[in-house]
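Written below as structure tokens is the structure these notes are about.
The values are calculated or read from the model by the stated rules, or taken from the named source; none is laboratory data. Bear in mind that the values here come from a model prediction, so they are computed numbers and not experimental data. Cβ: placed from backbone, ideal geometry, glycine included. Neighbour counts: every protein chain shown.
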């Protein structure tokens, strides 16, 4: 008799995202698919392809996405891709340089440059759909998380020309030419929405919107220049699957990020989850400035400090228990790191964390 795969939409991960009862706290890791795994490094070396070329190969994407599920027993897979994949598909000249990150050949500096950023309908993302359709049967009921970069983070790469610590050029353009900024952010919101929709339609059970660099902004600037565009993405894809919203250094932005419309707010390691849960579960403030409506429960995701993966196991054990205890204050909790898995992380430690979370969080 053929076994029937579990329904990923009824998985412990999806139910936790929705704030529903679960048998144990689910766990997955940002950047779990990739550079920390020796099998990944071997596959990349054998293929001899660049990062972007690898992301366009459905067979390789399928194998890489499955690797951490096999090794760690995590409660969700995350689609192997990169946040610049959709802008590259839309015609932006960008490469992912090892040890640096995305590098844009011709940064956006004027309104004339905006014409070089193609429309969402121009982007060929058929390889994404093919990869996910290959993946779903092999996951055997493990939910798949799709993801995309938020408009601000994508725009920062396009304006700075690559990674930046200060985001000085981005901030200067936002304030100096608001019309250009909003035009670029709107274009990127359309591209991001399309990228997420392709993943959902192909079978992703949840999505995560990464606004990795939003923490560089003040709350006032975030609300004026960023919140409307992130909200547009999350509203466009709708509540058909759980939507996770994550940024780094965003303790002062958690309430504003929650207002963008996510079902789960990812929290970095700097803010205790019980405090974060209180910040994201306040009355829903409307973007048009009208009176707030009743709060809707939002789960939290996080937030073990990735640096602790290199600490003695006794330290890791203690901190995992602390994070789980703090997460109980939220309507739902998905255990994760407070940022991505570092490349030097020992995969055996990640596996032990999964086992520990499952063991001590049993309801």
Does the stretch 344-357 include one or more residues that are within 20 Å of residue 266 (Cβ to Cβ), in contact with a helix residue (DSSP H, G or I) (Cβ under 7 Å, 6 or more places away or on another chain) and either assigned to a loop (DSSP other than H, G, I, E, B) or free of Cβ contacts under 8 Å to residues at least 60 places away in the same chain (or both)? yes
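Going by the structure shown, is residue 204 surrounded by 24 or more Cβ atoms within 10 Å (Cβ to Cβ) and either touching a strand residue (DSSP E or B) at 6+ places or on another chain (Cβ under 8 Å) or modelled with pLDDT of 95 or more (or both)?
yes
Residues are listed down the side, and each one gets a yes or a no for (1) within 22 Å of the chain's Cα centre (by Cα); (2) modelled with pLDDT under 95; (3) at negative phi:
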residue	(1), (2), (3)
121	no, yes, yes
129	yes, no, yes
136	yes, no, yes
139	yes, no, yes
143	yes, no, yes
151	yes, no, yes
156	yes, no, yes
163	yes, yes, yes
171	no, no, yes
Counting only residues that are over 24 Å from residue 335 (Cβ atoms), out of contact with any strand residue (DSSP E or B) (no Cβ under 8 Å at 6 or more places or on another chain) and not in a helix (DSSP H, G or I), how many does the stretch 73-95 have? 2
Looking at (1) in a loop (DSSP other than H, G, I, E, B); (2) at pLDDT 95 or above; (3) over 19 Å from residue 86 (Cα atoms), can you tell me which one residue 289 breaks? (2)
Yes or no: residue 334 in contact (Cβ under 8 Å) with a residue 40 or more places away in the chain, within 24 Å of residue 211 (Cα to Cα) and in contact with a helix residue (DSSP H, G or I) (Cβ under 9 Å, 6 or more places away or on another chain)? yes
Out of (1) out of contact with any helix residue (DSSP H, G or I) (no Cβ under 6 Å at 6 or more places or on another chain); (2) at negative phi; (3) at pLDDT 95 or above, what's the single condition that is false for residue 32? (1)
Can you list the helices (runs of 4 or more DSSP H) lying wholly within the stretch 1-72 that have 1 or more residues being in contact with a strand residue (DSSP E or B) (Cβ under 7 Å, 6 or more places away or on another chain) and over 29 Å from residue 324 (Cβ atoms)? 51-55
Filtered residues of the stretch 106-125 (kept if within 17 Å of residue 82 (Cα to Cα) and exposed (fewer than 12 other Cβ atoms within 10 Å of the Cβ)): 124
Looking only at the stretch 215-240, which residues are crowded, with 22+ Cβ neighbours inside 10 Å and in a loop (DSSP other than H, G, I, E, B)? 217
